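Below is one structure, written out as structure tokens, with a few remarks after it.
The values are calculated or read from the model by the stated rules, or taken from the named source; none is laboratory data. Nothing here was measured: the structure is a model prediction, and the numbers come from that model. Because the Cβ atoms are built from the backbone with ideal geometry, glycine has one as well, and the counts that use them run over all protein chains shown.
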Amino acid sequence: MGVIKPLIDIKDYDVKKMCNNFLLIGVLMMLGFSGMPIHAEQMPDVVHGVIFSDPRLFAGWPANYGIWQWDDEVLVSFALSPYQQRGDFHNIDDKAYQCEVFARSLDAGKTWQIETHPEVSIPGRFDDTGRYIKDDSYPAISKPTASPGGIQFDHPDFALRSWKNHFYISYDRGHHWQGPYNMPTFGYQTVMARTNYLVTGPSSCRLFFSVTNMDKNKGEHGRTLMAQTTDGGKTFEMVSWVTADPLDGLDEKSLPAYAIMPGILQMDDGTILSANRWRIRRTWWIDLMGSTDQGRTWKLWSELKIDNSNPASLVNLGGKRIAMVYGWRNRPYGLRGRISQDGGHTWSDEYVLRDDGREWDLGYVRAVVLKDGRVLIIYYYTTKQLKPEHIAYTIWTPPSVP
């Protein structure tokens, strides 16, 4: 398949100027010219808990996989790998087996059960020597095939899980998964799909993921796009770039340069918002892009002064009120959020939901709004008391007036 040109590109997005602006913002923040954060002790309606923890295992990165919600039922997935303290790197044995598991709550996050789904990821186990290995008692995972189409996106118990260049579907709230099916590459070398989609009809769906044509050995470069299907998932077309190209006006000396891992939200009026994780060399930030024409064109909604390497999750609080939550990888390490009263154009000061993180290796949040208006936030975390990275949750009641 050749490269499919998007319906719209972004021409008025000065990446180099934005990078310089965020360098200045970082200096101002260090000098104390930012708003005063609101800490958890000032917010009595913040509750923390643990979903999964094992002293032998690193549990991480819910943002890489997915979260699904049906009223009070919530399903989330994350990775497991042998724990190994590594300082400036992720605390995993990167030569050992890594698998994906799921956690399900039937009571709005109060209690959780761990699930394995060998059709998606073969469970791991410790052998007699203490190595963490693939459990070979399960059959091999099927190789991705072409999608047969006929997907019922509006089924009440539907879930879609995308990862890299393939996807799975479920009609029973993730108890069983069909697939894997090939994800189109649109002519790009690498597809970095993570679960972010919006159902738009019985046979139609919009998907958001990132692509690159750059060899990984030359550095990191990625960009977010929106694709859609209107024929039950049999075929997909690229609709638009969500972000500018991070290398616009720059050269490869600016690598890593990426705008990836979108946090997607559709507002009550149909506006689509995408919170994008940006990096250019040693500068990180989050921007918010908005579309009022079903994703055909995108405009810069707001630039958040977040000098922090972590993706964000957006949730709809009703009307024009939205919240953004993200892991905080600077001291003091933890979890933070902001609230917007005007659909993401302006934002409150930061709410420090917790600041007891042991080190930087944490975050990658997924979040949903519960029926009572509280926000359930799921992420990976590490503390002095619970050192190995584990999956934690926070339930936050956002204030009505920031």
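Filtering the range 148-164 for residues that are in contact with a Pro (Cβ under 8 Å, 6 or more places away or on another chain), within 27 Å of ARG125 (Cβ to Cβ) and not hydroxyl-bearing (Ser, Thr, Tyr) leaves an empty set. When the strands (runs of 3 or more DSSP E) confined to the range 314-367 are screened for residues that are under 18 Å from the mean Cα position of the chain (by Cα), those reaching at least 2 such residues are found at 321-328, 334-340. Among the residues of the range 383-397, those identified as assigned to a loop (DSSP other than H, G, I, E, B) and either hydrophobic (A, V, I, L, M, F, W, C) or buried (at least 23 other Cβ atoms within 10 Å of the Cβ) (or both) are LEU386, GLU389.
Given the criterion in contact (Cβ under 8 Å) with a residue 60 or more places away in the chain and of a type in the set (A, V, I, L, M, F, W, C), identify the matching residue among LEU376, LEU335, LEU362.
Details: LEU335 fails: in contact (Cβ under 8 Å) with a residue 60 or more places away in the chain; LEU362 fails: in contact (Cβ under 8 Å) with a residue 60 or more places away in the chain.
Within the list LEU376, LEU335, LEU362, the selection yields LEU376.
Considering only residues that are part of a strand (DSSP E or B) and among the basic types (Lys, Arg), look in the range 155-214 and name the one that is farthest from the chain's Cα centre (by Cα). Before the answer, list the steps.
Filtering the range 155-214 down to residues part of a strand (DSSP E or B) leaves 159-164, 166-170, 178-182, 190-194, 197-201, 204-212.
With the extra rule that they be among the basic types (Lys, Arg), the set shrinks to 161, 164, 194, 206.
Details: ARG161: 12, LYS164: 13, ARG194: 7, ARG206: 16 Å.
Filtering the range 155-214 for residues that are part of a strand (DSSP E or B) and among the basic types (Lys, Arg), the one farthest from the chain's Cα centre (by Cα) comes out as ARG206.
Tell me, please, whether a residue that is in a loop (DSSP other than H, G, I, E, B), touching a residue at least 40 places away in the same chain (Cβ under 8 Å) and touching a helix residue (DSSP H, G or I) at 6+ places or on another chain (Cβ under 8 Å) can be found in the range 282-304. No, the range 282-304 has no match at all. For the range 308-332, residues that are without any contact (Cβ under 8 Å) to a residue 24 or more places away in the chain and at positive phi total 0. Contact list please: Cβ distance under 9 Å, first residue in the range 167-196 and among the acidic types (Asp, Glu), second residue at pLDDT 95 or above and in a loop (DSSP other than H, G, I, E, B), pairs at least six apart or on different chains. Short answer, once both residue conditions are applied: ASP172/ASP157. Considering the range 118-136, the residues that are acidic (Asp, Glu) and exposed (fewer than 13 other Cβ atoms within 10 Å of the Cβ) include one that is farthest from VAL101 (Cα to Cα), namely ASP128.
Applying the condition of being surrounded by 14 or more Cβ atoms within 10 Å (Cβ to Cβ) and not in a loop (DSSP other than H, G, I, E, B) to the range 25-46 and asking which residue is modelled with the highest pLDDT yields VAL46. In summary, LEU273 fulfils each of the numbered conditions (1) aliphatic (A, V, I, L, M); (2) under 20 Å from GLY66 (Cα atoms); (3) touching a helix residue (DSSP H, G or I) at 6+ places or on another chain (Cβ under 6 Å) with the single exception of condition (3).
All of ALA63, ALA96 fail the test of being in contact with a Phe, Trp or Tyr (Cβ under 7 Å, 6 or more places away or on another chain), closer than 21 Å to GLU359 by Cβ, in a loop (DSSP other than H, G, I, E, B) and small (Gly, Ala, Ser), apart from ALA96.
Annotation: TRP61 fulfils all but one of (1) over 23 Å from HIS166 (Cβ atoms); (2) at pLDDT 95 or above; the unmet one is (1). Candidates GLN113, GLN98, GLN84: the one that is free of Cβ contacts under 8 Å to residues at least 40 places away in the same chain, within 26 Å of ILE169 (Cβ to Cβ) and surrounded by fewer than 17 Cβ atoms within 10 Å (Cβ to Cβ) is GLN113. When you look at MET238, is it assigned to a loop (DSSP other than H, G, I, E, B) and surrounded by 15 or more Cβ atoms within 10 Å (Cβ to Cβ), yes or no? For MET238, the condition - assigned to a loop (DSSP other than H, G, I, E, B) and surrounded by 15 or more Cβ atoms within 10 Å (Cβ to Cβ) - is not met.
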